[in-house]
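In what follows, a single structure is set out as C-alpha cells and then discussed.
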Amino acid sequence: QVQLVESGGGLVQAGGSLRLSCAASGNIFSTNTMGWYRQAPEKQRELVATINSDGSTNYVDSVKGRFTISRDNARNTLYLQMNSLKPEDTAVYYCKLRQTMGALFRNYDYWGQGTQVTVSS
C-alpha cells in the first residue's frame, strides 16, 4: 500500500518558477523509480521526468534544461523544480512511483491525485 500526495502547483507567469513536491508513504522499497507526468486538457498524459533510486534521471525533450527532478530517499519525497516556465507547461502534474517486484518482475504503479500548474503568457 503506497500513497502519494503532490503539492506546490499554482499560477505563475511565463518565465517564472515552481517547485512541486510529492510525499510518498506506505510500503516503499528502497529501489524504485519515481516520476512526474502531466496531462493538459484534450491531451494524453505524458512523461515529464523520471528518477531512479540511484539518482539517474530522464527527461522529455521539451523540459530539458528547464526542469530538474530530484528525490530525498530518506524522506520518500520527490521534487520537480520547474524554471523558465512556458504556457505549454500548463497541465495537471502527477507523481508516480513504480516498484518492480517478484520473480516475474511485475510492475506496481502508484499515482498521486495531481496538482494543477498554470502558466500565464
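The values are calculated or read from the model by the stated rules, or taken from the named source; none is laboratory data. Owing to the predicted nature of the structure, the values given are computational and were not obtained by experimental measurement. A quick note on method: Cβ atoms are made from the backbone with ideal geometry, for glycine too, and the neighbour counts reach across all protein chains shown. In case anyone asks, the SASA skips ligands and DNA or RNA and just uses the protein heavy atoms, side chains included. Shrake-Rupley method; radii C 1.70, N 1.55, O 1.52, S 1.80 Å.
Which chymotrypsin sites (Phe, Trp or Tyr not before Pro) from the stretch 25-121 combine a DSSP loop assignment with at most 11 other Cβ atoms within 10 Å?
In loop regions of the stretch 25-121 (DSSP not H, G, I, E or B), the sparsely surrounded chymotrypsin sites (Phe, Trp or Tyr not before Pro) are PHE105.
Listed by chain and number, the lysines placed with their C-alpha closer than 19 angstrom to that of LYS86 are LYS43, LYS64; residues fewer than eight positions away on the same chain are left out. Each Lys and Arg adds +1 at its Cβ and each Asp and Glu adds -1 at its Cβ; summed about the Cα centre, the stretch 56-102 shows a dipole of about 140 debye.
Sparse packing (at most 16 other Cβ atoms within 10 Å of the Cβ) combined with a DSSP loop state is found for the following GluC sites (Glu not before Pro) in the stretch 1-72: GLU42. Note on GLU42 and GLU88: their simple-model spin labels are 1.7 nm apart, each label 7 Å out from Cα toward Cβ. Counting only protein chain heavy atoms and rolling a 1.4 Å probe, the accessible areas of SER7, SER21 rank, largest first, as SER7, SER21. The alpha-carbon of LYS96 sits under 20 angstrom from the alpha-carbons of these aspartates and glutamates, leaving out residues fewer than 8 places away in its chain: GLU6, GLU46, ASP54, ASP61, ASP72, ASP109.
In the chain, the sites counted are trypsin sites (Lys or Arg not before Pro) in DSSP loop states with at most 11 other Cβ atoms within 10 Å, and the longest stretch holding none of them, exclusive of the sites, is 76-121. Over the chain, the fraction of Cα-Cα pairs per 10 Å bin, rounded to whole percents and listed from the shortest bin up, is 14, 47, 30, 8, 1.
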